[in-house]
Each structure stands twice: as C-alpha cells, then as structure tokens.
Amino acid sequence: MDFFTVVFNTLAIAIALILLIIGLFSAPWQVLLLILVLGLLGSRWLIGRSHLQGVLEETSDVNSAISSASNDQPATSEPARRKLLSYRGASYKPSTPSSETSAETDRVEVSGKYRGGIWKSPH
C-alpha cells in the first residue's frame, strides 16, 4: 500500500509541474508580468536582507573594537582585527607575504599538466 502512495504522489507532482509549465506558456501577458514583478520584488527583499545582515556584522565588529579599546590597551599601528576577504562565498584571512627571500625560493620550478600536455615555467 505504501508503494502505491509513493507512486501516486510522484505522478501527481509530475503532472502538476507539467501543467504549470504549459500554463505559463499559455498564460496572458498580464499574469506573466505579475509573476515577473513578484520575482523582482522578492529578489530585492532578499538582497536587502543580506545587506542588512552584513551591516549588522560590521556594527558588531566596530562595537567589539570600541570595547577592546576602552579596556586601556595600548594603541597599535595595525588594526585589532584583520579584514576577512571573501571569494565565491568562502571567507578567508589575507596572507602576508614573507619578508624573507632566498635564492632557493627564486629558483623554484613550476610545472604541471594542462589539457593533457606537460608544461614548465620559463624560469
């Protein structure tokens, strides 16, 4: 009995999706315009919410910096908290380049495989 329930529900959902797609193609332009406007307003609301969340995080960072400064700690030339960078949704701390350079680091050979062919750096 459970098998038939799952099959029936799956068929009902599939038929509903097919009818929805057919309905969108045959819907009058007023309905399609209403759906477009609702989608744009929803996107705007979501963007505003994410922007508000970013502002709240920045405010909490400023408040924590103010509270740490009010604890009579000596002022430093560097900020108390390094700014986090973000790439494709992943946050990371920026790395500082090493001040120590040697002849060994200058002569590192870079090589790899690209599109099936082996390449080496010209250095």
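The values are calculated or read from the model by the stated rules, or taken from the named source; none is laboratory data. Every value quoted in this text rests on a predicted model; they were computed, and no experiment measured them. Using ideal geometry, Cβ is built from the backbone for each residue, glycine included, and neighbour counts are taken over all protein chains shown.
Brief remarks on what is shown
- Listed by first and then second residue, the pairs linking a residue in region 101-123 that is at pLDDT below 65 to a residue that is part of a loop (DSSP other than H, G, I, E, B), with Cβ atoms under 9 Å apart and 6 or more places separating them unless they lie on different chains, are T105/S98; D106/H123; H123/R107; H123/V108; H123/E109; H123/V110.
- Test result for G54, assigned to a helix (DSSP H, G or I) and either at pLDDT below 85 or surrounded by fewer than 10 Cβ atoms within 10 Å (Cβ to Cβ) (or both): yes
- Conditions (1) at pLDDT below 85; (2) surrounded by 10 or more Cβ atoms within 10 Å (Cβ to Cβ); (3) of a type outside the set (G, A, S); number of the one not met by V7: (1)
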